[in-house]
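Step one of this worksheet: look at the structure below.
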Amino acid sequence: MTIRKAKFVKSMSAFGEFPGQGLPEIAMVGKSNVGKSSLINNMAGNSHLARTSSEPGKTRLVNLYLINEAFFLVDLPGYGFAKAPKQEKQKWAEMIEGYLKGSGYLKRVFQLVDIRHAPTEDDQLMVEYLRHYDIPFTVVATKADKLSKAQRGRSVPVICRTLGVQPWEVIVHSSKDGTGRDRLLQLIGEETGCGEQEQA
Ligand SMILES: Nc1nc2c(ncn2[C@@H]2O[C@H](COP(=O)(O)OP(=O)(O)OP(=O)(O)O)[C@@H](O)[C@H]2O)c(=O)[nH]1
Ligand SMILES: [Mg+2]
């Protein structure tokens, strides 16, 4: 599919503020600084759409981006940011869980992990949570531009073992060089029902 139009719609601090619009939603989860907001920008082909930062803890609200007037990409705060005040971390966790449990239109979650590191305990807990609530998810191993092909080949099995997924289920991605972008767009197209429409 092709993303022709992407616009920021709303920030919310709790799920109830946006009950959905009957359009499919795809959400990004992952550690602070893993590249969730960058992935949305990479999908949209607009590096200024979602705010990113080299400092963890940039996204502090649930941000909704309307794509092609047809579905939402949802940017969530990160977890596992050790330096954030406890209260703030609690608030982010509630926002993430509130959205994931509350949205009636969530089709799939992209679970981002940094391809350079073994998934953390928080990543494992997040994946357990998604399984528990039967929320479909795809593991995206991002920042792939930071590794050679051979190094990637060694990292992916570690990610698979730690999170209990198969290698063909993991999408290797880079927001810097666009690796994996087509695969992600295809998946988004399938999940939102927008893929075929584009090809017609
Ligand atoms: N080299 C490289 N850097 C990336 C990639 N994706 C993100 N980054 C960088 O990683 C940093 C964090 O990116 P963000 O997109 O803000 O991360 P985030 O997960 O939204 O972070 P929080 O909002 O704090 O949870 C920024 O400096 C990005 O430029 C990537 O694929 N490759
Ligand atoms: Mg962010």
(request) Just need a number here: residues in the range 1-45 that are closer than 18 Å to GLY57 by Cβ and β-branched (Val, Ile, Thr). (result) 3
(request) Please find, among ILE40, ILE3, the residue that is of a type in the set (Val, Ile, Thr) and within 15 Å of ligand 1 (Cβ to nearest atom). (result) ILE40
(request) Search the range 56-73 for residues being of a type in the set (D, E, K, R) and more than 7 Å from ligand 1 (Cβ to nearest atom), and hand back the single one that is nearest to LYS7 (Cα to Cα). (result) GLU69
(request) Please determine, by comparing only the residues of the range 71-92 that are at pLDDT 95 or above and more than 13 Å from ligand 2 (Cβ to nearest atom), which one is farthest from the chain's Cα centre (by Cα). (result) PHE71
(request) Within the range 101-121, track down each residue that is at pLDDT 95 or above and closer than 14 Å to PHE137 by Cβ. (result) LEU106, LYS107, ARG108, VAL109, PHE110, GLN111, LEU112, VAL113, PRO119
(message) Looking for something of a type in the set (Lys, Arg), part of a helix (DSSP H, G or I), within 12 Å of ligand 1 (Cβ to nearest atom) and free of Cβ contacts under 8 Å to residues at least 40 places away in the same chain - is there at least one such residue anywhere in the range 132-146?
(response) yes
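The values are calculated or read from the model by the stated rules, or taken from the named source; none is laboratory data. Model, not experiment: these values are computed from the prediction. Cβ atoms come from the backbone with ideal geometry, glycine included; neighbour counts cover every protein chain shown.
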